[in-house]
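The values are calculated or read from the model by the stated rules, or taken from the named source; none is laboratory data. What you are looking at is a predicted structure, and each value in this text was computed from that prediction instead of being measured. Every residue, glycine as well, gets a Cβ built from its backbone with ideal geometry; the counts of neighbours run over all protein chains shown.
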Amino acid sequence: MKIGVCGIACEQCPRMKNTTCPNKDTGCIPKDNKFCHIASCAYQRHIRLCFECPDFPCETTKTGPISYGYCQYLAGKK
């Protein structure tokens with residue numbers, strides 16, 4: 001199972017499911033990405049996952065799967 005930078009299981013991401021993920025089968029990785037502030041932030045901080053960051057959770061992570069309701073575990077709804 002691939003886990004994206006933000007912590008979502010890539011296989012559950014709606015963009016991966018409907019084949020519109022810009023990273024195709026690779027999923028979300030830390031890199032400069034004008035479309036994803038989370039991936040860019042991780043790249044700049046030299047981390048693989050947001051959970052590794054001492055500032056997690058932060059305002060940047062709130063713009064990702066939490067705000068879209070993609071990941072029930074990140075949202076704390078288990």
Study note, to complete from the structure: Every listed condition ((1) modelled with pLDDT of 85 or more; (2) part of a helix (DSSP H, G or I)) holds for Pro30 save (2)
Study note, to complete from the structure: Considering the stretch 34-64, residues that are touching a Lys or Arg at 6+ places or on another chain (Cβ under 8 Å) and closer than 14 Å to Gly4 by Cα, and then whichever is surrounded by the most Cβ atoms within 10 Å (Cβ to Cβ), we arrive at Ala42
**Study point:** Which numbered condition Cys13 misses (of (1) out of contact with any Ser or Thr (no Cβ under 8 Å at 6 or more places or on another chain); (2) surrounded by 15 or more Cβ atoms within 10 Å (Cβ to Cβ); (3) without any contact (Cβ under 8 Å) to a residue 24 or more places away in the chain; (4) not aliphatic (A, V, I, L, M))
**Key:** (3)
Exercise for review: Restrict the check to the stretch 50-67 and report whether at least one residue is modelled with pLDDT of 80 or more, of a type in the set (Ser, Thr, Tyr) and in a helix (DSSP H, G or I).
Suggested key: yes
